[in-house]
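Accompanying notes for the structure given below.
Every number here is computed from the coordinates shown, using simple stated rules; none is lab data. These figures come from a predicted structure and were not determined experimentally. Glycine also receives a Cβ, built like all others from the backbone with ideal geometry; neighbour counts cover every protein chain displayed.
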């Protein structure tokens with residue numbers, strides 16, 4: 001797997017999402033819950049805008065000095081007995097991790113909390129080299145059993161209901177109990193416990209790496225990260241190169257924003273921090289520790305107008321307020337990063353060829369920008385993508401180009417514009433019935449397929465205005 | 001006070017009445033109103049679709065048209081919001097940056113102008129009817145006008161005002177989005193139409209004709225009998241029996 005999660009066309013993905021009533025209802029009610037939680041937490045905090053500003057400043061500062069902080073982080077990790085590897089590409093990251101697993105002669109790898117390993121396709125790579133990989137996050141585990149990609153950043157199996165989960169457990173693991181959440185969770189726990197105890201290598205992602213101390217922090221609600229980071233002897237952390245903060249204080253600010261913005265919690269059940277390998281005088285920690293810092297296209301974003309997209313702390317607040325996401329679901333974005341941030345990030349990481357529709361899958365309502373706790377101007381970045389698609393990539397439809405050229409001529413020429421205000425009604429007359437167009441021609445078709453279009457008025461405003469002005473003049477003269 | 005009207009292309013061509021109500025309201029509060037005829041469209045359809053060069057041609061025309069105006073007032077949050085983006089778009093352009101800043105600084109959406117500049121919250125209007133209000137996304141989030149329309153509406157005598165559920169959700173218009181992604185747009189506007197029905201309002205009021213054209217067009221397609229009107233129409237009404 002890579003950033004891209006499938007091969008079907010944009011149109012098919014949209015139709016599939018819209019036709020999936022169950023998914024839409026699940027997403028809609030989850031959005032309602034998350035949004036309510038976020039707003040009430042923000043209100044309780046009192047000065048949410050100040051917190052957002054601070055969060056944004058921390059992210060900006062970190063990215064502007066990313067070389068310094070990455071160097072500091074790697075020095076600290078090495079000082080604490082860890083190995084650090086900088087991977088330029090997905091292949092380099094996978095190769096390094098495969099070698100660690102091979103050297104260990106590991107048969108089983110347990111993983112938790114990592115989107116970046118989905119992005120680089122680590123599971124496939126490890127399985128090819130002979131190791132069994134077990135996702136231990138409940139949602140991820142369900143998806144792994146069902147061979148289904150994630151559809152949400154925080155709740156990856158949001159599109160599935162408990163009946164579907166029960167069926168998956170029954171088909172793949174011989175589960176024979178009910179679809180009650182308690183019984184399903186107990187079964188998953190019992191199954192996963194064996195994996196935790198028998199795994200040779202633990203792999204996790206990273207919410208925030210702390211440069212000053214070399215600690216890696218994970219924010220979770222299930223506690224599986226504690227199993228992954230404390231049981232296997234060999235530990236590997238895989239992080240996107242931007243997922244770091246300078247200090248513990250900065251981390252505290254960002255975690256406060258993250259948990260509130262994501263699910264409306266003040267704190268999550270667990271915030272885990274772990275540092276390097278076990279040193280001689282210490283009693284716990286892994287024998288062998290590796291930090292893999294993945295670039296995979298990120299450094300290309302630095303210094304561009306899209307730099308603030310790297311502010312993202314994967315809270316999914318933008319996804320939770322997006323009406324487009326609500327109606328089409330996460331899989332429609334064809335990326336492990338769905339929703340507004342996905343529409344911004346995916347073309348940056350994976351190019352426009354397979355993702356040129358994504359920046360247009362937004363009404364630019366700016367709900368995402370408003371919700372983002374680290375102030376990424378998401379809807380503006382979608383417009384920037386569109387500019388690149390039109391002007392640099394030249395991937396916009398010919399008919400649209402002609403229309404926009406026409407628009408520019410029309411709107412920069414007052415005489416032509418005035419003429420159009422006079423003739424618009426006549427031009428649409430063949431399609432007009434009872435002052436509405438119900439089956440419009442050309443570009444109007446997309447509109448009238450789903451709603452009626454009002455016919456231009458009998459008199460344009462400017463015609464009315466000039467008549468009125470004449471009338472006043474005559475009145476004045478008489 | 002001298003005010004130049006910015007009538008927006010949709011209002012000029014399709015909804016001339018919105019412009020008329022805007023004129024009458026401004027005159028009622030004592031403004032001297034003019035209409036610079038060289039104005040065209042704010043450029044939003046091209047800008048939001050990624051056609052920056054094409055959009056700039058339209059924007060330069062607008063800057064020229066309003067060069068000598070003291071205030072520019074328009075009946076659309078979205079289009080006025082676009083004018084406010086001009087300084088950012090022309091940043092670094094030696095010929096156009098300053099004129100763009102000048103235009104942005106003197107431009108207002110009509111309810112914003114009434115409340116924030118003139119300090120008027122009660123126009124002495126009377127309107128009988130059950131009314132709900134859709135706050136359009138660009139008016140609230142891009143232009144930042146949240147309270148002014150509601151303040152004005154709530155001061156209308158006789159009005160039966162009811163809140164629209166999840167009012168902050170986009171109606172699915174989004175300019176060319178409604179044509180480029182009609183299926184997604186349809187689902188969004190269906191939901192909005194459903195929320196309007198839940199209020200049992202007779203009138204849906206808004207500050208952007210694009211959104212109202214979208215919601216109204218959908219409700220008509222669904223056979224619903226809700227009148228969709230621009231806020232100026234309510235504010236400019238003195239009849240007891242509502243709008244005919």
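Before anything else, pin down the relative contact order of the range A:337-478: Cα pairs under 8 Å, at least 6 apart, normalised by residue count, whole percent. Let's see the in-between values first.
Numbers: 94 pairs, mean separation 18.4, N = 142.
Relative CO of the range A:337-478 lands at 13 percent.
Any chance you could run the full-extension gain for residue A:176 through residue A:265? It's 0.36 nm times the residue separation minus the Cα-Cα distance, nm to one decimal.
Details: separation 89, 0.36 × 89 = 32.04 nm, distance 3.41 nm.
Length difference between fully extended and current span is 28.6 nm.
Among B:203-212, B:164-173, what's the highest-first ranking by average C-beta atoms within 10 angstrom per residue? Walk me through the intermediate numbers first.
Details: B:203-212: 26.1, B:164-173: 21.6.
Going from most to least packed, we get B:203-212, B:164-173.
Based on the mean of other Cβ atoms within 10 Å per residue, sort peptides A:35-46, A:357-368 so the most packed one is first.
Values: A:35-46: 14.7, A:357-368: 25.8.
Top of the packing list down: A:357-368, A:35-46.
Using the 10 angstrom Cβ neighbour count as an exposure proxy, how do A:461, A:85 rank, fewest first?
Details: A:461 26, A:85 19.
Going from sparsest to densest Cβ surroundings: A:85, A:461.
Normalised by the number of residues in chain A, what is the relative contact order in percent for Cα pairs under 8 Å and 6+ residues apart? Don't jump to the answer; show the numbers that get you there.
On the way: 761 pairs, mean separation 94.9, N = 478.
Across chain A, relative contact order equals 20 percent.
Classify the range A:414-475 from the C-alpha gyration tensor, please: rounded if a/c falls under 1.5, else prolate or oblate depending on whether a/b exceeds b/c. Numbers along the way, then the final one.
Details: a/c = 3.60, a/b = 2.39, b/c = 1.51.
Prolate, because a/c is 1.5 or more and a/b exceeds b/c.
Order of B:24-35, A:284-295 by packing, highest average Cβ count within 10 Å first? All intermediate terms of the calculation are to be shown ahead of the outcome.
Details: B:24-35: 15.9, A:284-295: 20.1.
Most protected by this proxy first, the peptides run A:284-295, B:24-35.
Per-residue Cβ counts within 10 Å, from other chains only, averaged over A:398-407: what number is that?
Details: counts 0, 0, 6, 2, 0, 6, 9, 5, 1, 11.
The shielding value for this peptide is 4.
Enter the mean projected area of the convex hull around the alpha-carbon atoms of the range A:10-301, in nm², rounded to one decimal.
On the way: hull surface 66.6 nm².
One quarter of the hull surface, i.e. the mean projection, equals 16.7 nm².
What is the order of A:385, B:138, A:311, fewest Cβ neighbours within 10 Å to most?
Details: A:385 25, B:138 30, A:311 22.
Listing A:385, B:138, A:311 from fewest to most nearby Cβ atoms yields A:311, A:385, B:138.
Extension gain residue B:126-residue B:102, at 0.36 nm per residue separation less the Cα-Cα distance, in nm? Show your work: numbers first, answer last.
Values: separation 24, 0.36 × 24 = 8.64 nm, distance 3.66 nm.
5.0 nm is the gain from fully extending residue B:126 to residue B:102.
Report, in degrees rounded to the nearest 10, the 0 to 90 angle that the Cα long axis of helix A:10-19 makes with the longest principal axis of chain A.
90
How shielded is B:168-176 by partner chains, expressed as the average number of their Cβ atoms within 10 Å of its Cβ atoms?
Working: counts 5, 6, 10, 3, 7, 5, 8, 2, 9.
What the average comes to for B:168-176 is 6.
Measuring from centroid to centroid over Cα atoms, what is the spacing of the range A:3-76 and the range A:129-185 in Å?
Centre-to-centre (Cα) distance: 23 Å.
Just to confirm the number: angle between the C-alpha axis of helix B:77-89 and the first principal axis of chain B, 0 to 90 degrees, nearest 10?
So the helix axis and the longest Cα principal axis differ by about 20 degrees.
Can you pull the one-decimal nm distance between simple spin-label points at residue B:151 and residue A:60, each 7 Å off the Cα toward Cβ?
Label-label distance for residue B:151 and residue A:60, simple model: 3.0 nm.
Is the range B:123-244 rounded, prolate or oblate when judged by the Cα gyration tensor, a ≥ b ≥ c being the square roots of its eigenvalues, rounded requiring a/c under 1.5 and prolate requiring a/b larger than b/c?
Working: a/c = 2.10, a/b = 1.50, b/c = 1.40.
Verdict is prolate for the range B:123-244.
Per-residue mean of other chain beta-carbon atoms within 10 angstrom of the beta-carbon, peptide B:32-40?
Values: counts 0, 1, 2, 7, 1, 7, 5, 4, 11.
Mean partner shielding for this stretch: 4.
Can you compute the modelled spin-label distance between residue A:40 and residue B:34, with each label point 7 Å from Cα toward Cβ, in nm?
According to this spin-label approximation, the distance is 5.6 nm.
Pull up the DSSP beta bridges for chain A and report the antiparallel fraction as a percent, rounded to 5. All intermediate terms of the calculation are to be shown ahead of the outcome.
On the way: 13 of 39 bridges.
Around 35 percent of the beta bridges assigned by DSSP in chain A are antiparallel ones.
Among rounded, prolate and oblate, which fits the range A:1-127 when a ≥ b ≥ c are the square roots of the eigenvalues of its C-alpha gyration tensor, a/c under 1.5 means rounded, and a/b larger than b/c means prolate?
Numbers: a/c = 2.28, a/b = 1.19, b/c = 1.93.
Oblate, since a/c reaches 1.5 and b/c is not below a/b.
Strictly greater than 23 Å: what percent of every Cα pair in the range A:88-223 meets that? Can you show the working numbers first?
Working: 3503 of 9180 pairs.
The answer is 38 percent, as a whole percent.
Quick one: go through the range A:51-86 and flag any residue whose amide nitrogen is under 20 Å from the point 7 Å out along the Cα-to-Cβ line of residue A:299.
A:60-78, A:83-86
Which FRET efficiency, nearest 0.05, do residue B:93 and residue A:79 yield, Cβ-Cβ r, R0 51 Å?
Working: r = 51 Å, r/R0 = 1.00.
For R0 = 51 Å, the calculated efficiency reads 0.50.
Going 7 Å from the Cα of residue A:47 along its beta-carbon direction, which residues of the range A:337-375 have the amide nitrogen within less than 19 Å of the resulting point?
A:373-375
Let me have the relative contact order for the range A:414-475, percent, based on Cα pairs under 8 Å that are six or more residues apart.
Working: 42 pairs, mean separation 18.3, N = 62.
In percent, rounded to a whole number, it is 30.
Report, to the nearest 10°, how far helix A:21-45 tilts away from the longest principal axis of the Cα atoms in chain A, using its own Cα long axis and a range of 0 to 90°.
Compared with the principal axis, the helix lies near 80 degrees.
Can you put B:47, A:68 in order, fewest other beta carbons within 10 Å first? Each step should come with its number before you reach the end.
Values: B:47 23, A:68 12.
Lowest count first: A:68, B:47.
Ignoring solvent entirely, what values of log10 I(q)/I(0) come out of the Debye formula for chain B at 0.07 Å⁻¹ when each Cα is a single scatterer?
-0.22
Looking only at Cα atoms, what is the convex hull volume of the protein assembly as shown per residue, in Å³? Kindly include the intermediate steps, with their values, before the conclusion.
On the way: hull volume 120.0 nm³, N = 722.
Taking the convex hull of the Cα positions in the protein assembly as shown, it is 166 Å³ per residue.
What number, rounded to the nearest 500 deg cm²/dmol, is the helix-based mean residue ellipticity at 222 nm of the protein assembly as shown, given -39500 (n - 2.57) per DSSP H run of at least four residues and division by all its residues?
Computed mean residue ellipticity for the protein assembly as shown: -14500 deg cm²/dmol.
May I ask you to derive the FRET efficiency for residue A:167 and residue A:99 from their Cβ-Cβ distance with R0 = 56 Å, giving the value to the nearest 0.05?
Details: r = 38 Å, r/R0 = 0.68.
The computed FRET efficiency comes out at 0.90.
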